[in-house]
Amino acid sequence: MSNNAKEVGKRLKEARAEILGLPIEACASKMQLSVEEVEAIEAGQREATEEELDKFSRLYRLRKEYFLQDDTPWDDPSREQKVMELFNADQPPSAHDTNELLKFARFLQHAGPAPAPYCEPTTTQSPKPQTP
């Protein structure tokens, strides 16, 4: 399987499990795939079709490019400097914190529009007519 399929699968799993916290069973159900098929796609053992990438994109509310992009590697030496500049920090963050922050920033960069807030429908009651 191609390295691209492995990278796409890694990003799909990252978005589902780490960022959204969506169980694989729920993902498979929404995607109309078996759990095994989703696992194979996430492991890079099988390439996702264009249609499946579109569905993942809609389900995760991310642009398809998020899964297909060729990012700067996580071990790029400039990433720590970028994070420090972003937060005007005196001390460098831990490697774990830097990775988590960059993953979240990448997610936000490719996130779709925020969903409309859910509001409970309100019922308005007409004033009762007063009887003389």
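Hey, does region 79-90 have a residue that's outside the structural domain of Ala26 (by TED's automatic domain parsing), at positive phi and either modelled with pLDDT under 65 or assigned to a helix (DSSP H, G or I) (or both)? There is at least one residue in region 79-90 that is outside the structural domain of Ala26 (by TED's automatic domain parsing), at positive phi and either modelled with pLDDT under 65 or assigned to a helix (DSSP H, G or I) (or both).
Between Glu37, Glu25, Glu47, Glu51, which is of a type in the set (Asp, Glu) and touching a residue at least 12 places away in the same chain (Cβ under 8 Å)? Residue meeting the stated conditions: Glu47.
Take the residues of region 8-22 that are surrounded by 15 or more Cβ atoms within 10 Å (Cβ to Cβ) and touching a residue at least 40 places away in the same chain (Cβ under 8 Å): which is farthest from the chain's Cα centre (by Cα)? Top of the filtered list is Val8.
The values are calculated or read from the model by the stated rules, or taken from the named source; none is laboratory data. Owing to the predicted nature of the structure, the values given are computational and were not obtained by experimental measurement. Glycine also receives a Cβ, built like all others from the backbone with ideal geometry; neighbour counts cover every protein chain displayed.
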